[in-house]
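Structure in structure tokens, see below.
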Amino acid sequence: MEQGVLPKQTIKQLLDANPPLVAGLLDPDLQLQPCGIDLTVAEIASLEGEGKLAVENADRILPTPSVMPFGNDGWIYLDQGSYLLTVNEVINLPTDVMALGRPRSSLLRSGVTVGTAVWDPGYQGRSQCLFVVHNNAGFRLERNARIIQLMFFHLDSPSEMGYQGIYQNENL
């Protein structure tokens, strides 16, 4: 496998691996892009309380997420603010692949963005990201909407151990 961003044909091959690079795609034909995969909205939560990040992980405090229900029509209105969003898809990175996520351009054009961390080699889980509505008028979001394009990068050598952090196997 060559180094750099993985193209569509390589991603397609990795979707057939065991485990697949990404499992639980709602519509593979729609979600598979020229250099990535679109991730979709499973749930969204408001953040209750303050957070705290310290030198030691033991002193870390995360705000409590409070899941917000979608309406019977599958839509939710979000006021300006920050939310925790969980995706539908399960990411299964081999130890020689890492990923970066970027918001879809339609979000940016609507005054909304997504913040993500790095998906380290060896990570497995149903990821969460920061969903931020900057638009003063708010934003309407439909369940299962495509919000992030996840791009995969092949490393020149496998990571020794792969991801070992507290978010390994999250939301599975």
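The values are calculated or read from the model by the stated rules, or taken from the named source; none is laboratory data. As the structure is a prediction and not an experimental result, all values here were calculated from the model. Here the Cβ is made from the backbone with ideal geometry for all residues, glycine too, and neighbour counts use every protein chain on show. Note: accessible area is taken over every heavy atom of the protein model, side chains too, but ligands, DNA and RNA are not part of it. Shrake-Rupley method; radii C 1.70, N 1.55, O 1.52, S 1.80 Å.
What stretch of the chain, leaving out the sites themselves, is the longest with no GluC sites (Glu not before Pro) in a DSSP loop having at most 15 other Cβ atoms within 10 Å?
With GluC sites (Glu not before Pro) excluded where exposed in loops, the chain gives 57-159 as its longest stretch.
Here's a follow-up. Give the accessible surface of the chain per residue, rounded to a whole number of Å², with probe radius 1.4 Å and ligands, DNA and RNA excluded.
Counting only protein heavy atoms, the per-residue value for the chain is 56 Å².
Expressed as a whole percentage, what fraction of the accessible surface of the stretch 1-106 belongs to carbon and sulfur atoms when a 1.4 Å probe is rolled over the protein heavy atoms?
50 percent
Could you tell me how far the Cα centroid of the stretch 87-157 sits from the Cα centroid of the stretch 1-20, in Å?
Cα centroid to Cα centroid, the span is 18 Å.
Please give the calculated 222 nm ellipticity per residue for the chain, where each DSSP H segment of at least 4 residues contributes -39500 (n - 2.57) and the sum is spread over every residue; nearest 500 deg cm²/dmol?
Mean residue ellipticity at 222 nm (helix-derived): -2000 deg cm²/dmol.
For Lys8, Lys52, give the ranking by accessible area with the largest first, probe 1.4 Å.
Ranked list, largest accessible area first: Lys52, Lys8.
GNM on the chain, C-alpha springs below 10 Å: top fluctuator among Gly81, Gly36, Gly49?
Gly49
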